[in-house]
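Written below as structure tokens is the structure these notes are about.
The values are calculated or read from the model by the stated rules, or taken from the named source; none is laboratory data. Predicted, not measured: the structure shown is a model, and the values here were computed from it. Every residue, glycine among them, receives a Cβ derived from its backbone with ideal geometry; neighbour counts consider all protein chains shown.
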Amino acid sequence: MLYGAAGGFPDATVSAAIKGGKAFFAGGNAGVSTATQSRAVPSGWSGSVKGGQVKAVLSADLGGFASQADHAVVTAVFLDKSGHSIASFKIGPVSTAARKSQTTLLLRTATRRVPSATRKIKVVVTSTRVDGTYNDGYADNVSLALKR
């Protein structure tokens, strides 16, 4: 969705405040919407991951519309060499109270040690409609960074 789109979506002021771009993820015309991306652990990191020396930092700006309780959650899923989930962690949701019933996005961050058997990491943005007819669970600046 474009910042400043008609219908009460977050405007360019919100985008500037979070250093966003021209668009953000919104759930749309569905009760639950997802966006998923998976990446293999870079080969230069595999020894450190196997040694338990790597942390994953998950961050995103999350929010919603006015006083509605629609929300977004971002989950990082650690996968083994067979593609099976071995652990996960999440950020969000941002509550209506945390947003002070404003149409905005707020930064959420979490850090977790990467399990030694991890070979791939999947990041899933899930937007859930609670109120109204449009799914106003918003996300922008979704990031997963590895740190030694």
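Annotations
- Being at negative phi and in contact with a Lys or Arg (Cβ under 8 Å, 6 or more places away or on another chain) is a description that does not apply to SER127.
- Test result for THR118, closer than 28 Å to SER82 by Cα and of a type in the set (S, T, N, Q): yes
- Considering ALA6, ALA35, ALA30, ALA17, the condition of being within 12 Å of TYR138 (Cα to Cα) and small (Gly, Ala, Ser) is satisfied by ALA35 alone.
- The set of residues from region 111-129 being assigned to a loop (DSSP other than H, G, I, E, B) and either surrounded by fewer than 22 Cβ atoms within 10 Å (Cβ to Cβ) or touching an Asp or Glu at 6+ places or on another chain (Cβ under 8 Å) (or both) comprises PRO115, SER116, ALA117, THR118, ARG119, ARG129.
- Breaking point among (1) basic (Lys, Arg); (2) closer than 18 Å to THR36 by Cβ; (3) touching a Lys or Arg at 6+ places or on another chain (Cβ under 7 Å), for ARG113: (2)
- Some residue of region 88-106 being buried (at least 17 other Cβ atoms within 10 Å of the Cβ), under 18 Å from the mean Cα position of the chain (by Cα), in a strand (DSSP E or B) and hydroxyl-bearing (Ser, Thr, Tyr): yes
- Annotation note: of GLY52, GLY44, the sole residue that is over 11 Å from the mean Cα position of the chain (by Cα), modelled with pLDDT under 95 and assigned to a loop (DSSP other than H, G, I, E, B) is GLY52.
- ALA26 being in contact with a Phe, Trp or Tyr (Cβ under 6 Å, 6 or more places away or on another chain) and either buried (at least 17 other Cβ atoms within 10 Å of the Cβ) or not acidic (Asp, Glu) (or both): yes
- Condition broken by LYS122, with the remaining ones in (1) farther than 22 Å from THR13 by Cα; (2) in contact with a helix residue (DSSP H, G or I) (Cβ under 9 Å, 6 or more places away or on another chain); (3) not hydrophobic (A, V, I, L, M, F, W, C) satisfied: (2)
- Tally of residues being more than 15 Å from ASP140 (Cβ to Cβ) and either among the β-branched types (Val, Ile, Thr) or in a helix (DSSP H, G or I) (or both) across region 55-75: 2
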